[in-house]
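Take a look at the structure set out below.
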Amino acid sequence: MSRLTLFNTLTGRQEVFEPIEPKHVRMYVCGVTVYDYCHIGHARSALVFDVLRRYLEHSGYAVTFIKNFTDVDDKIIKRANEQGVNCDVITKKFIQAYHEDMTKLGIRAATEEPKATEHIAVIVQLTERLINKGLAYVVDGDVYFEVAKYPEYGRLSKRRLEDLQVGARVDVNERKHRPMDFALWKNSKPGEPAWESPWGLGRPGWHIECSAMSIRHLGETFDIHGGGMDLIFPHHENEIAQSCGATGKEFARYWVHNGFVQINKEKMSKSLGNFFTIREIFEKSEWSEEVTGEILRYFLLSTHYHGPLDFSDQGLREAKNALNGFYDLFQRLDESEAGATVDKELSGVIERCRGTFHSRMDDDLNTPEALAAFQGMKNDVNKLLGQGVSTSARKTVRKEFRSLGETLGLFQLDTWQFRPVVVPIGQVGETGAALPIGVTRSGLADAEIEELLRERNQSRRRKDFKRADEIRTLLANQGILIEDKPDGTTRWKR
RNA sequence: GGCGCCGUACCCAAGUGGUAAGGGAGCAGUCUGCAAAACUGCGAUGCAGCGGUUCGAACCCGCUCGGCGCCUCCA
């Protein structure tokens, strides 16, 4: 087991993580409201918790990971009305889009991905429980949680009720006892999705669904609850009030929140219109889907999850250049060579990287430091490679990058080549159709490249460097980079 | 009005009491027919500013300046 520590928003401190069950972690993360495509901010949040989940598993825990879809909500209804379709047309479409985007990013599906609309009965039960306890009240088919009845309200977001009421916008809903009270159940208007309930036809409020689904899938008390910083208040504060109010037990023990993705130091958001969707970035990328996914992961993990992160093309380019170095090394590791003079030193290098990686990740998932550990191993291996490393030791190194990198979703590709689709010369442009993603640079088939390199090396042997350089230029124009090795052969990459 | 975050080299970014990781870009060198890659070297006497605590502070305390977030839906 690891000695993982996590920054817990609830206590405001970094704490040693100890799950309720020794070898089993139960975590819940607030997913997305499915009314539009996801942007990079959603990607960051999803990635952070994917990495947390993977690292816990890597550390020997079994993890039950629940991530919900909010599929009943004002914004969804609005969007459906605009398009003159049923809500489930909208939600189905964007749930599918979500899965597509996450797959491209290498983010694994959660153990369960429950939907609010499939938990109406549980939501109703929980609401009844709160009414019976005197913590909620019914007004004309609406049900509200009475915040004043939960004395600990504000303990997550460190706010006092009095402070909130001063500057907060006055709620126009006069049916509430107090402005801070929030809806558990909403009386539905005609044309809105509605379910039978003891209070008439209606639909659930936003916060109650997460309490209901997390309790349903993980129990009344579980280990980790996560989401973006913006959910701390009021969403998570309300979840705590509802859940603890209903069960009388602690809800989640560790609250983990990720920082925002920003554009020019401003929060990326729909209202500001300064957001990039995940699919837009993949579409615009000049690299293949796999490579683009890895660039994005490297970029997003190069900043600690708790802080803000400014999204930029330059940042992406730097991530790509950093990754180039790793895959250049992997290519050299694939080449075989006799000699094993420094194999022993190499195992020391691996051990050191492994130790650093774990201690840095244990420290509140310090992924920037973890990446630095990989850089260190890369540099050390590069130095040793010139001194004689056996083929089996090379394989061991590559395997180590792969297994440690798996936690971050990095270093899993066989080749860092920008060509999921090879379009032999002559075929490009004939169809006139737009090229698939990743082949914007077109390319030559492997055999054609090998043939040209054969000719070039013959030229070099004849000292016909003019012809040799012509071929280099020709290949470069097709996006092929070549590197001459000391033994007279040439390696190439796209 | 309340609560909170951030300010480290050209850029990105760790470090949060013991004398500034790492990456990207740049420059110089080794190697090379040339190139690429790799390797070597160079690069903040200083961590927004000013005070204070301390043997010692980027890290703790106070004030100031600048940027941002939440309090309304938001990852």
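The values are calculated or read from the model by the stated rules, or taken from the named source; none is laboratory data. Everything numeric in this text was worked out from a predicted model, so none of it was measured. Note that each Cβ is placed from the backbone with ideal geometry, even for glycine, and that neighbours are counted across all protein chains shown. Ligands, DNA and RNA are stripped out before the accessible areas are found, and what is left, the full protein with its side chains, is counted by its heavy atoms. Shrake-Rupley method; radii C 1.70, N 1.55, O 1.52, S 1.80 Å.
Here are some notes:
- Residue A:220 charged (D, E, K, R) and either surrounded by fewer than 20 Cβ atoms within 10 Å (Cβ to Cβ) or assigned to a strand (DSSP E or B) (or both): yes
- Any chance residue A:249 is basic (Lys, Arg), in contact with a Phe, Trp or Tyr (Cβ under 8 Å, 6 or more places away or on another chain) and open to solvent by 30 Å² or more (accessible area, probe 1.4 Å): no
- Residue pairs meeting the criteria (Cβ under 6 Å; at least 6 apart or on separate chains; first under 14 Å from residue A:406 (Cα atoms) and open to solvent by less than 40 Å² (accessible area, probe 1.4 Å), in region A:364-375; second more than 6 Å from RNA strand B (Cβ to nearest atom) and part of a helix (DSSP H, G or I)): A:367/A:301; A:370/A:357; A:370/A:360; A:370/A:361
- Candidate set: region A:30-82, residues that are assigned to a helix (DSSP H, G or I), under 30 Å from residue A:186 (Cβ atoms) and open to solvent by less than 30 Å² (accessible area, probe 1.4 Å); chosen: the one farthest from RNA strand B (Cβ to nearest atom): A:80
- If the condition is being modelled with pLDDT of 75 or more and loosely packed, with under 14 Cβ neighbours inside 10 Å, then region A:402-427 contributes A:403, A:414.
- No other residue among A:227, A:200, A:191, A:245 is assigned to a strand (DSSP E or B) and assigned by TED's automatic domain parsing to the domain that holds residue A:32 apart from A:227.
- If you check A:27, A:102 for being under 26 Å from residue A:250 (Cβ atoms), surrounded by 15 or more Cβ atoms within 10 Å (Cβ to Cβ) and at pLDDT 95 or above, only one passes: A:27.
- Test: residue in region A:276-292 that is over 28 Å from residue A:480 (Cα atoms) and assigned to a loop (DSSP other than H, G, I, E, B): yes
- Filtered residues of region A:343-363 (kept if open to solvent by less than 50 Å² (accessible area, probe 1.4 Å) and either in contact (Cβ under 8 Å) with a residue 60 or more places away in the chain or more than 13 Å from RNA strand B (Cβ to nearest atom) (or both)): A:343, A:346, A:348, A:350, A:355, A:361, A:362
- Every residue from region A:459-494 that is away from RNA strand B (no atom under 12 Å from the Cβ) and of a type outside the set (A, V, I, L, M): A:477, A:478, A:479, A:494
- Considering A:118, A:152, the condition of being open to solvent by 20 Å² or more (accessible area, probe 1.4 Å), within 16 Å of RNA strand B (Cβ to nearest atom) and in the same structural domain as residue A:27 (by TED's automatic domain parsing) is satisfied by A:152 alone.
- Check on residue A:309, touching a residue at least 12 places away in the same chain (Cβ under 8 Å), within 14 Å of RNA strand B (Cβ to nearest atom), touching a helix residue (DSSP H, G or I) at 6+ places or on another chain (Cβ under 6 Å) and among the hydrophobic types (A, V, I, L, M, F, W, C): no
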